[in-house]
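Notes for the one structure printed next.
Every number here is computed from the coordinates shown, using simple stated rules; none is lab data. Computed from a predicted structure; not experimentally measured. Backbone-built Cβ (ideal geometry, glycine too); neighbour counts: all protein chains shown.
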Amino acid sequence: MEYEKILLPYQRRALENFFKHKYSILMWSRQTGKSFVVALFAVLRALEKKNHLVAIISPTERQSKELMEKVKKHIGFLRELGKEVGEVEFFEDTRTNVLEVRFPNKSRIVGLPANPDGVRGLSGDVILEEAAFFKDGYKVYQAIFPSITRNPDYKLIVISTPKTRSDVFGHLWQMSENNPLWFREKLTIHDAVRNGLKVNVDELRKGVPTEEIWKQEYLCEFMDEESILLPYELIHSCTVEGIEADIRELQGDVYLGVDIGRRHDLTVISVLEKIGEHYYLRKQEVLRRLPFSEQMRIVDHLTSYARRIAMDETGIGMQMAEELQRKWGEIKVLRVYFTAKVKEELASRLRAVFEDRTISIPPDKDLIEDLHSVQKTVTPAGNIRYEGSTEDSHADRFWALALAVYAASQEEEKVLGPLLFASAHPSGGVKYGLERLS
């Protein structure tokens, strides 16, 4: 087919094997065209078969729309090449977030986000796009797998960059090894360049902030989750679209967590709303390289809406914490001095609300990566430390959220109770830690 001339060799190979195999799984580097080739497969299958369904499942509504845009472009390009496509109809159901393309031969391509309940009841080909990043990966797979069982010709295609061996994509990748029923291929950015992809790898590498991200996103290496405090699967299980809100509009109790930075680090303010026993991260204000006077103005303004605020007073945060506490009082403003034990208490408390599914956060990539970056390590002296996984990662968003959860968890009459202690601070003031009293 003339259209295949624009495909790179590895894309042509994948497309051919999609038609040959019942099951296919691709672990390809970012920006190598995996969504492009599965969108083409969906169009060709819909044109080839009458009254056929191709279901494309993506992690989020936004990603579903982006992939369906690729479907539309393939249809347009096929028309330009003289392919008989006919009148194609496009539909969007805003209630269910389902996008649909209908062909004259009664075949359909539907795109929808990875919701276990929303993907049930389909029969046809199934494409799982970026499956490692599904919020409820195993539940989605359990719900969608029966869709391909009624007809031996139905196909399952799973594509993703890797995360961990324990998520659904990692499980399928390991299960498919040496299995003749599966077409299975790993493609790093170096493999793609050797096969014709026009990318300057050296320039690309300089733009990636950490070696960990480079290995995962471009060299297709699984993350080591053993020391990670918040695995991706746990984080994604608590993400919810559309929960961001202005602090002035919140009806529940509002709590703030403030992690102070000045030069290399960010100052991050987490705005947390508590409704009943559930926490909602409504916003994270990220302040980059602002003068302390401007940071103080912003934090002070937000504090006026809050029931309580917990603030990092370690180092450069001390002055701001003192001024806020002087203005708003010790009950409302909790000054937290970071020590190894304090960080352990904060980190453990944050993990607990994720494990209990009593927190909801927006699916923001920077936030998710920051939450995932914190690792638990043991020093030669046997002490436990919680730090960012690289020298450049200070996990500011993580600690701001941990502080907000801590602020929300304290009853007013217990603020100076067994989880807090007061001791002389070098400045002559009072510092608050989280170590338990013996």
What's the magnitude of the charge dipole for the chain around its Cα centre, counting Lys and Arg as +1 and Asp and Glu as -1 at the beta-carbon? Answer in Debye, nearest 20. 1020 debye
Listed pairs 72/139; 34/163; 139/198 exceeding 26 Å between Cα atoms: 72/139; 139/198
Which loop-located GluC sites (Glu not before Pro) does region 263-347 contain, where loop means any DSSP state but H, G, I, E or B and the Cβ has at most 12 other Cβ atoms within 10 Å? 277
Within region 164-233, DSSP-loop trypsin sites (Lys or Arg not before Pro) with at most 10 other C-beta atoms within 10 Å are 198
Step through the residues of region 87-98 one at a time and calculate ³J(HN,Hα) from phi using the Karplus curve (6.51 cos²θ - 1.76 cosθ + 1.60, θ = phi - 60°), rounding each to whole Hz and writing x for Gly and Pro. 7, 9, 10, 10, 9, 9, 9, 5, 6, 9, 6, 9
Cut-off 10 angstrom, C-alpha nodes, Gaussian network model of the chain. Which of 155, 106, 22 fluctuates the most? 106
Counting alpha carbon pairs within less than 8 Å and at least 6 residues apart, what relative contact order, in whole percent, applies to the chain? 14 percent
Tally Lys/Arg at +1 and Asp/Glu at -1 over every other residue whose Cβ is under 9 Å from the Cβ of residue 362; what's the total? -1
Tally Lys and Arg at +1 and Asp and Glu at -1 over the other residues with C-beta under 12 Å from the C-beta of residue 24: what net charge comes out? +3
What does the helix-only formula give at 222 nm for the chain: each DSSP H stretch with n ≥ 4 adding -39500 (n - 2.57), the total divided by the residues, and the result rounded to the nearest 500 deg cm²/dmol? -10000 deg cm²/dmol
Give me, ordered by chain and number, the residues 5 or more places off residue 56 or on other chains with an amide H under 5 Å from its own placed amide H. 110, 111, 112, 127
How big is the Kirkwood radius of region 2-217, worked out from every pair of different alpha carbons and given in Å to one decimal? 17.8 Å
Considering only C-alpha atoms, what is the centroid distance from region 96-126 to region 1-53, in Å? 18 Å
With the convex hull built on the alpha-carbon atoms of region 1-65, volume per residue in Å³ sits at 117 Å³
Taking Lys and Arg as +1 and Asp and Glu as -1, residues besides residue 110 with C-beta under 10 Å from its C-beta add up to 0
Can you work out the FRET efficiency for the pair residue 352 and residue 275, with r the C-beta to C-beta distance and R0 = 25 Å, to the nearest 0.05? 0.85
Over 29 Å apart: what share of the alpha carbon pairs of the chain falls there, rounded to a whole percent? 53 percent
Quick one: order 365, 163, 376, 50 by neighbouring beta-carbon count within 10 Å, fewest to most. 365, 50, 376, 163
Please list the radius of gyration and Dmax for region 260-385, considering alpha-carbon atoms only, with Å as the unit. 15.4, 44
Pairs over 32 Å Cα to Cα, from 70/186; 20/65; 155/206, come to 155/206
Between residue 79 and residue 323, what length in nm is gained on full extension when 0.36 nm per residue of separation is reduced by their alpha carbon distance? 81.1 nm
Assertion target for 318, 311, ordered by fewest C-beta neighbours within 10 angstrom first, is 318, 311
What Kirkwood hydrodynamic radius, in Å, does region 192-291 give when the mean of 1/r is taken over all pairs of distinct Cα atoms and then inverted? 17.4 Å
